[in-house]
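Report on the following structure.
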Amino acid sequence: MRPHVLGIDDAPFHKYQSQNVPIIGVMMEGATLVEGIAIGSFPVDGEGATDYLTQWVPLLRWHLTLQAVVLGGITLAGLGIVDLKKLAQHLAIPVMAVTRHNPAQSRLSYALKAAGFHDRLSLLKHIPPAHQLEPGLYVAIAGAELTDAAQIIRATKGKARFPEPLRIAHLIGTALESGQSKGRA
C-alpha cells in the first residue's frame, strides 16, 4: 500500500509577529515519492483554522488523489484549533493529527483561556481521543478506524517516527523561517 497523503505543518513563528505564518503541505505517495508541495499562510493564533483548511486543500491541484491528511497536531499557527471531524467530513477522507506526546496531557485549554480565546474551548470537545501507535507517536483520527489509520501512518513512515509527508513539511517550514532546515518533525 502506497497511499497518497498530504502532510500539513506550520512554519516556526514568533508569538507576537504581525505577518501570517507559512502553512506547508507536502503530498507524497507512500514514504518515498514527493508528488507535490504547496505553501499557504494563516494568521498567528487565527480564528477559523478548520475553515481555512477546508478551502485550501481542495484548491491544491492534486487534491482528488488524496487518501488522507496528516496534521502536526490539532493547532495551526499557534492557537488556531482544527476540528478534525469537520475537516474529514468536508474533504471526505481521513484526517489525522500526529503528536509526540499524549494530547490528553496537553495544556491547550489553559493556553486558550490565558489568550482570551474562551470561545474556542468548545472546539476541544470535538477532538477525537488520541491513540498511541508506538512510544512517542500518538494519533487522533477522524474519518477512519484505528486499524486503517495505523496502516496509513505505517505506509508513510520512513526511518523517522513521523509520517514522511509531515516530516518534510516541517523541514520546509523551518527552512522558510531560518534559511535552512533543522529540528525534529
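Every read-out reported here was derived from the displayed coordinates using simple, explicitly stated rules and does not represent laboratory data. What you see is a predicted model, and the numbers here were worked out from it, not measured in a lab. Positions of Cβ are backbone-derived with ideal geometry, glycine not excepted, and every protein chain shown enters the neighbour counts.
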(request) Considering each of K182, K157 in turn, give the residue that is in contact (Cβ under 8 Å) with a residue 40 or more places away in the chain and either among the charged types (D, E, K, R) or in contact with a His (Cβ under 6 Å, 6 or more places away or on another chain) (or both). (result) K157
(message) Can you find, within the stretch 1-20, the residue that is surrounded by the fewest Cβ atoms within 10 Å (Cβ to Cβ) among those that are in a loop (DSSP other than H, G, I, E, B) and within 15 Å of the chain's Cα centre (by Cα)?
(response) P12
(message) Filter the stretch 21-31 down to the residues that are outside any strand (DSSP E or B) and among the hydrophobic types (A, V, I, L, M, F, W, C) and list them by number.
(response) A31
(request) Sort out which residues of the stretch 99-119 are hydrophobic (A, V, I, L, M, F, W, C) and exposed (fewer than 12 other Cβ atoms within 10 Å of the Cβ), and write them in order of number. (result) A104, A114
(request) May I ask you to list the residues in the stretch 112-132 that are under 12 Å from T75 (Cα atoms) and of a type in the set (A, V, I, L, M, F, W, C)? (result) L112, L123, L124, I127
(request) Name the residue, out of S181, S106, that is of a type in the set (S, T, Y) and closer than 18 Å to D45 by Cα. (result) S106
(request) Return the total of residues in the stretch 63-81 being surrounded by fewer than 23 Cβ atoms within 10 Å (Cβ to Cβ) and either under 22 Å from L33 (Cα atoms) or free of Cβ contacts under 8 Å to residues at least 40 places away in the same chain (or both). (result) 7
(request) Restricting attention to helices (runs of 4 or more DSSP H) lying wholly within the stretch 67-185, give those where 1 or more residues are of a type in the set (K, R) and either within 12 Å of the chain's Cα centre (by Cα) or within 21 Å of D51 (Cβ to Cβ) (or both). (result) 84-91, 164-178
(message) I'd like to verify a number: residues in the stretch 29-51 that are in contact with a Leu (Cβ under 8 Å, 6 or more places away or on another chain) and more than 14 Å from L79 (Cα to Cα), how many?
(response) 3
